[in-house]
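A.B. asks: Structure incoming, see below.
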Amino acid sequence: MKMKQILFSVLMLAGYAAGAQVSDTDTITKLIDLNEVVFSVSRTEEKKAEVPFSMTIIDKKTIELENPQTSADMLANTGQIMVQKSQAGGGSPIIRGFEASRVLLVIDGVRMNNAIYRAGHLQDAITIDNAMLDRTEIIFGPSSVMYGSDALGGVMHFYTKKPLLGEEGKMKLKVNAALRYASANQEKTGHVDFNLGFKKFASLTSITYSDFEDLRTGNGRNPNPDFGKNYYYVGRNWNGTADSTIRNTNPNIQKKTGYSQVDILQKLLFKVNENVELGLNLQYSTSSNIHRYDRLTEAGSGGNLKFAEWYYGPQNRLMASLYSNIRSEGKLFNNLRITAAYQLITQERTNRRFSTNYLNPNSNNNKLVSQFEEVGVMSLNADFVKFIKEKHKLSYGFEFVNNIVNSTATSKHIQTGENFTPVATRYPNGGSSMMNIAAYLTHSWKINEKLILSDGLRYTYNSLSAKFDTAKTASPFQFPFTSVKQTNSALNGNLGLIIIPEKNVRFSILGSTGFRAPNVDDMAKVFESTGSVIIVPNEKLKAEYAYNIEVSLATTIMNGKVKLEGGYFYTLLQNAIVVKESRFNGADSVMFNGNLSQVRSPQNVNNAYIQGAWGAIYADFTENVSFKSTLNYTLGEYHQKLPPTTADPSHDTIIPLDHIAPMFGQTSLFFRYKKFESEVYARYSAPKLSKDYSRGTEDNEQYSADPVNGYMPGWSTLNIKTAYYITKSFSVNLGIENLFDRHYRVFASGVSSPGRNIIFAIRAKF
């Protein structure tokens, strides 16, 4: 009996969650919901069980329970997405071996991917305030029919909360406030939002501020006792005339990983009548400087670190969208949503190498180089839905997106402030633009209770233009061309069949295609990669095409209390874009920023292959106890043609693709009783072996446990989260992540994950 009491107390008290407004008799959402609905696949409400795509949903209650620091962490909490980080202020989701510009981020129907989304790692997911999310839907696999270019690996569609109208002539005032503290990085977050609703008009306002100090990683290391320890960092000497290598008094503290962020949201809703509503959606996210921790730990010459400074300047994301929802019983549509949006994204990258003497006016190490990017994106979407009797549903529409990119750069002396010219810009200094126009049609046919057919087509036209000012006064890097222009078009389709032979069995098969047109980052970027490597443009780059087939099976047993599901997918990627050795003006190495750098460029390979399998178990054992476990496996490679030899005339070699996560998953046990709710979960990853690394790519072997050959140890963590709901309006939350304080680093990451992290949060709702 004593052991049962101890276990009961641990489940109740050791952990945290952001509290929901519940009472003693409220029912927490169960894991198995056969009537769960989704919105992202056809841009209208439909049952998840009637959709052939593999999906996962993060609803508001789950978000509040998990209470993640960032939206990237929220995605990792699913156990179905691995998230890479180059710095603590980052988070790049990996879906089925695709990452960054090959997966699509969408918020409230507006695509976030823009013309400079790179193929490497992206932290844009953290600009989404998870405190204001109503739900997030993740579609796995190519989804270009509904979403166009970039959706090769999948789509992450974030839905923010809607303003609430008043009821029965009464004004609706709702206020939510939360405070959170986390020990691993001394996080201090405050959030408040309030809704003011009348009969036909409502306003929702939100602001969130977060401050994170330097991140402490775990102390338990096996087998390498030094992996991930931060022994030294760069400061200035006593009189400010040179950089100085400073010994870190606590090597588990990852110096210069702290940052702060502000997120603001304002939504207005106007109900014209029962069939028409109009809305305004304003979102703004900004940050402090975010230091690039992985670059700041790279070794340089003379026993010093390579960089004295390397940081992203404030990353600003502004979105303004106007939308209208129209319902009709006419012949053309039953539902119509029109969304017009404008986004302005500004980014800054600043770096300076380690300098032993600031007074030297000619040293390249005394130059503080900053690159600035500004991207303006205008978009227009119209999405129609028409129901034909009770068995057919048509979704159709069009999309227009136009990107304008401006790229500038400066360089100044660290001591005197003297400006140097010319300075290499990251993207073409004459400006760039990219435009997409598309139309789509999808159809769903419920043949009978056992067969559901889904099909769709989309045509996309893409054009890109970039201009280089090749005058020596404008750019230090002289290109053999003055402009890059390209047009692409693609016809994408999907065909899926759901078979329900018995009430508790569901089988689906899906064929789908994906398309990704090279963007400005692919076609025209110049930048120094890791080590002495420079990436140069390739004006002959072609579009990527993905052909995917997948099968899945789901069944419920034990009278619907346990659900088992799993599946397999195979994706053929034609004209896959990979970074390979290249030449520039006939040379395999060039001088860049005062260093001799090996030349590489994005190039197409004939075919790449990605395949994988996943499985999951969901169980609602009782009203109080639930269980969930997921496991994911992916394999990716491409064939490279090498010069023929006598022994091997074809001389084909198999190269691992980058971005392929090792096998990973998560197992959770949920416990609910009256005012308590708990989750105890283990998160785990297999090792990334040396033979599976793609060399010199975004796999980042230099940041692994074996910086020469690449090797990332496997890891697992035990975590506990609990919430206590004091009243309907107040909750207190306590949690422990990485309970045993293990040191671990997620595959391809340049920063180690948090060590033991004690989290305390309070939430109030009125």
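A.B. asks: All but one of (1) within 25 Å of the chain's Cα centre (by Cα); (2) surrounded by fewer than 21 Cβ atoms within 10 Å (Cβ to Cβ) hold for Tyr311; which doesn't?
C.D. replies: It is condition (2) that Tyr311 fails.
A.B. asks: Among the residues of the stretch 255-266, is any surrounded by fewer than 18 Cβ atoms within 10 Å (Cβ to Cβ), in a loop (DSSP other than H, G, I, E, B) and either in contact (Cβ under 8 Å) with a residue 60 or more places away in the chain or touching a strand residue (DSSP E or B) at 6+ places or on another chain (Cβ under 7 Å) (or both)?
C.D. replies: Taking every residue of the stretch 255-266 in turn, none turns out to be surrounded by fewer than 18 Cβ atoms within 10 Å (Cβ to Cβ), in a loop (DSSP other than H, G, I, E, B) and either in contact (Cβ under 8 Å) with a residue 60 or more places away in the chain or touching a strand residue (DSSP E or B) at 6+ places or on another chain (Cβ under 7 Å) (or both).
Residue-wise test of (1) surrounded by fewer than 24 Cβ atoms within 10 Å (Cβ to Cβ); (2) part of a loop (DSSP other than H, G, I, E, B); (3) among the hydroxyl-bearing types (Ser, Thr, Tyr).
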| position | (1), (2), (3) |
| --- | --- |
| Ile126 | no, no, no |
| Asp134 | yes, no, no |
| Glu137 | yes, no, no |
| Met146 | no, no, no |
| Asp150 | no, yes, no |
| Leu164 | yes, yes, no |
| Leu173 | yes, no, no |
| Asn176 | yes, no, no |
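A.B. asks: Return the pair list, or none, for Cβ contacts closer than 9 Å from residues in the stretch 65-80 that are in contact (Cβ under 8 Å) with a residue 24 or more places away in the chain and more than 18 Å from Gly190 (Cβ to Cβ) to residues that are in a loop (DSSP other than H, G, I, E, B) and among the charged types (D, E, K, R), at least 6 apart or on different chains.
C.D. replies: Listed pairs, sorted by first residue: Ala72/Lys85.
A.B. asks: In the stretch 331-369, what residues are open to solvent by 20 Å² or more (accessible area, probe 1.4 Å), over 30 Å from Arg43 (Cβ atoms), touching a residue at least 40 places away in the same chain (Cβ under 8 Å) and of a type in the set (Gly, Ala, Ser)?
C.D. replies: Result: no residue meets the conditions.
A.B. asks: Of everything in the stretch 700-715 that's open to solvent by less than 50 Å² (accessible area, probe 1.4 Å) and among the hydrophobic types (A, V, I, L, M, F, W, C), which residue is farthest from Leu31 (Cα to Cα)? Show your work before the answer.
C.D. replies: Residues of the stretch 700-715 that are open to solvent by less than 50 Å² (accessible area, probe 1.4 Å), as a first pass: 700-701, 703-706, 710, 712-715.
Those still in the list that are among the hydrophobic types (A, V, I, L, M, F, W, C) too: 705, 712, 715.
Values: Ala705: 37, Met712: 33, Trp715: 26 Å.
Filtering the stretch 700-715 for residues that are open to solvent by less than 50 Å² (accessible area, probe 1.4 Å) and among the hydrophobic types (A, V, I, L, M, F, W, C), the one farthest from Leu31 (Cα to Cα) comes out as Ala705.
A.B. asks: Here is a further query. Where residues in the stretch 565-606 are open to solvent by 50 Å² or more (accessible area, probe 1.4 Å) and modelled with pLDDT of 85 or more, which of them is nearest to Met523 (Cα to Cα)? I'd like the intermediate steps shown before the answer.
C.D. replies: Filtering the stretch 565-606 down to residues open to solvent by 50 Å² or more (accessible area, probe 1.4 Å) leaves 568, 570, 574, 579, 581, 583, 585-586, 588, 591, 593, 596, 598, 606.
Restricting the remaining residues to those that are modelled with pLDDT of 85 or more gives 568, 570, 574.
Values: Tyr568: 33, Tyr570: 28, Gln574: 17 Å.
Of everything passing the filter in the stretch 565-606, Gln574 is nearest to Met523 (Cα to Cα).
A.B. asks: Is one or more of the residues making up the stretch 397-406 in contact with a strand residue (DSSP E or B) (Cβ under 9 Å, 6 or more places away or on another chain), at pLDDT 95 or above and acidic (Asp, Glu)?
C.D. replies: Checking the stretch 397-406: at least one residue is in contact with a strand residue (DSSP E or B) (Cβ under 9 Å, 6 or more places away or on another chain), at pLDDT 95 or above and acidic (Asp, Glu).
A.B. asks: Do any residues in the stretch 540-558 that are under 29 Å from Gly615 (Cβ atoms) and touching a residue at least 12 places away in the same chain (Cβ under 8 Å) have Cβ atoms under 6 Å from those of residues that are β-branched (Val, Ile, Thr) and open to solvent by less than 10 Å² (accessible area, probe 1.4 Å), where the two are at least six apart or on different chains, and which pairs are they?
C.D. replies: Ala546/Thr571; Asn548/Thr571
A.B. asks: Does Val484 satisfy the criteria of being closer than 19 Å to Val375 by Cβ, of a type in the set (Val, Ile, Thr) and at pLDDT 90 or above? Even if it seems obvious, please write down each step before you answer.
C.D. replies: Numbers: closer than 19 Å to Val375 by Cβ: yes; of a type in the set (Val, Ile, Thr): yes; at pLDDT 90 or above: no.
Judged against the criteria, Val484 is not a match.
A.B. asks: Please verify whether the stretch 341-358 includes one or more residues that are of a type outside the set (S, T, N, Q) and under 16 Å from Glu277 (Cα atoms). Before you say what the answer is, go through the steps one by one.
C.D. replies: If we filter the stretch 341-358 for residues that are of a type outside the set (S, T, N, Q), which is where we start, we get 341-342, 344-345, 348-349, 352-354, 358.
Still in the list and also under 16 Å from Glu277 (Cα atoms): none.
So far as the stretch 341-358 goes, no, none of its residues is of a type outside the set (S, T, N, Q) and under 16 Å from Glu277 (Cα atoms).
A.B. asks: Give me the residue from the stretch 356-382 that is more than 18 Å from His291 (Cα to Cα) and of a type in the set (Ser, Thr, Tyr) and, out of that set, modelled with the lowest pLDDT.
C.D. replies: Ser363
A.B. asks: Scan the stretch 280-307 residue by residue and report those that are in a helix (DSSP H, G or I) and either more than 20 Å from the chain's Cα centre (by Cα) or free of Cβ contacts under 8 Å to residues at least 12 places away in the same chain (or both). Outline the logic, then answer.
C.D. replies: Filtering the stretch 280-307 for residues in a helix (DSSP H, G or I) gives 293-296.
Within the stretch 280-307, Arg295, Leu296 meet the criteria.
A.B. asks: If I ask for residues that are open to solvent by less than 50 Å² (accessible area, probe 1.4 Å), without any contact (Cβ under 8 Å) to a residue 60 or more places away in the chain and more than 15 Å from Ala115 (Cα to Cα), which ones from the stretch 431-446 would you list?
C.D. replies: Passing the criteria: only His443.
A.B. asks: Here's another thing I want to ask about it. Taking the stretch 671-699 as the search range and keeping residues that are assigned to a loop (DSSP other than H, G, I, E, B) and small (Gly, Ala, Ser), which one is surrounded by the fewest Cβ atoms within 10 Å (Cβ to Cβ)? I'd like the intermediate steps shown before the answer.
C.D. replies: Taking the stretch 671-699 first, the residues assigned to a loop (DSSP other than H, G, I, E, B) are 674-675, 686-687, 689, 693-699.
This time we only want the ones that are small (Gly, Ala, Ser), so: 686, 694, 696.
Details: Ala686: 17, Ser694: 21, Gly696: 20.
For the stretch 671-699, the residue satisfying everything is Ala686.
A.B. asks: Continuing with the same structure: Can you say whether Ile610 is in contact with a Gly (Cβ under 7 Å, 6 or more places away or on another chain) and either open to solvent by 50 Å² or more (accessible area, probe 1.4 Å) or farther than 30 Å from Asp33 by Cβ (or both), as far as the supplied structure shows?
C.D. replies: On the way: in contact with a Gly (Cβ under 7 Å, 6 or more places away or on another chain): yes; either open to solvent by 50 Å² or more (accessible area, probe 1.4 Å) or farther than 30 Å from Asp33 by Cβ (or both): yes.
Taking the combined requirement at face value, the residue satisfies it.
A.B. asks: Select from the stretch 647-670 the residues that are part of a loop (DSSP other than H, G, I, E, B) and at pLDDT 90 or above and write down the one among them that is nearest to Asn624 (Cα to Cα).
C.D. replies: Residues of the stretch 647-670 part of a loop (DSSP other than H, G, I, E, B): 647-651, 657-663.
Now narrow it down to the ones that are at pLDDT 90 or above: 657-663.
On the way: Leu657: 44, Asp658: 42, His659: 39, Ile660: 37, Ala661: 34, Pro662: 34, Met663: 31 Å.
Once the filter is applied, the top-ranked residue is Met663.
A.B. asks: Within the stretch 716-732, work out how many residues are out of contact with any Leu (no Cβ under 9 Å at 6 or more places or on another chain) and surrounded by 22 or more Cβ atoms within 10 Å (Cβ to Cβ). Steps first, please.
C.D. replies: To start, the set of residues in the stretch 716-732 that are out of contact with any Leu (no Cβ under 9 Å at 6 or more places or on another chain) comprises 716, 725-732.
Add one more test, that the residue is surrounded by 22 or more Cβ atoms within 10 Å (Cβ to Cβ), and what stays is 725, 731.
Of the residues in the stretch 716-732, 2 are out of contact with any Leu (no Cβ under 9 Å at 6 or more places or on another chain) and surrounded by 22 or more Cβ atoms within 10 Å (Cβ to Cβ).
A.B. asks: So, in the stretch 47-94, exactly how many residues are part of a loop (DSSP other than H, G, I, E, B), open to solvent by 20 Å² or more (accessible area, probe 1.4 Å) and under 15 Å from Gly154 (Cα atoms)?
C.D. replies: Adding up the residues that qualify gives 2.
A.B. asks: Could you tell me how many of the residues in the stretch 243-254 are free of Cβ contacts under 8 Å to residues at least 40 places away in the same chain, assigned to a strand (DSSP E or B) and not basic (Lys, Arg)? Lay out the reasoning, then the answer.
C.D. replies: So in the stretch 243-254, the residues free of Cβ contacts under 8 Å to residues at least 40 places away in the same chain come out as 244, 246-251, 253.
Checking the rest, the ones that are also assigned to a strand (DSSP E or B) come to 244, 246-247, 253.
From what is left, the residues that are not basic (Lys, Arg) are 244, 246, 253.
Residues that pass the stated criteria total 3.
The values are calculated or read from the model by the stated rules, or taken from the named source; none is laboratory data. Every value quoted in this text rests on a predicted model; they were computed, and no experiment measured them. As a convention, Cβ positions derive from the backbone with ideal geometry for all residues, glycine included, and neighbour counts pool all protein chains shown. Calculation scope for accessible area: heavy atoms of the full protein, side chains included, ligands and nucleic acids excluded. Shrake-Rupley method; radii C 1.70, N 1.55, O 1.52, S 1.80 Å.
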